[in-house]
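Have a look at the structure below before the remarks.
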Amino acid sequence: MAVCQLIAFDETPERVLLDIIPLESLAIDSGRPRGTTALSMSFQPSDDPVEHVEMVQLFDRWMECDGLLELDVATATAGRFRYVFTHEDEQLVLDVRV
């Protein structure tokens, strides 16, 4: 897990976009210097509208707090990554096709 700063969050019907600054090395981006360059992550919205709204509300709340997140990235299955975002006692797990 790596501590990251969520600096921007945008949601449209086509995608969810996160801009984060890794404050520690991330397994998915080990060549990038820590704390200096934003990393953009884009996800397609969930097919489940309730899950999608809950995810958007989490990111909104986290942005309003301090924006500090722990991020863990792992291979879930062939062709999928699992992103685990943690903020205090809340956690969001996204399985994303590559």
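The values are calculated or read from the model by the stated rules, or taken from the named source; none is laboratory data. Given the structure is predicted, the values throughout are model-derived calculations rather than measurements. Virtual Cβ from ideal backbone geometry, glycine too; neighbours counted across all protein chains shown. Side chains included, ligands, DNA and RNA excluded: accessible areas come from the protein's heavy atoms. Shrake-Rupley method; radii C 1.70, N 1.55, O 1.52, S 1.80 Å.
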Out of the residues in the range 52-98 meeting the condition of being polar (S, T, N, Q) and part of a strand (DSSP E or B), tell me which one is farthest from residue 2 (Cα to Cα). 77
Which ones in the range 13-34 are open to solvent by 30 Å² or more (accessible area, probe 1.4 Å) and at pLDDT 85 or above? 15, 17, 19, 21, 23, 24
Selection within the range 35-87 - of a type in the set (A, V, I, L, M) and free of Cβ contacts under 8 Å to residues at least 12 places away in the same chain: 50, 53, 78
Residue under evaluation residue 37, criteria (1) modelled with pLDDT under 85; (2) surrounded by 16 or more Cβ atoms within 10 Å (Cβ to Cβ), criterion not met: (2)
Step by step: first the residues of the range 54-98, then only those that are more than 13 Å from the chain's Cα centre (by Cα) and of a type in the set (Val, Ile, Thr), then the one that is most open to solvent (accessible area, probe 1.4 Å). Which residue is that? 98
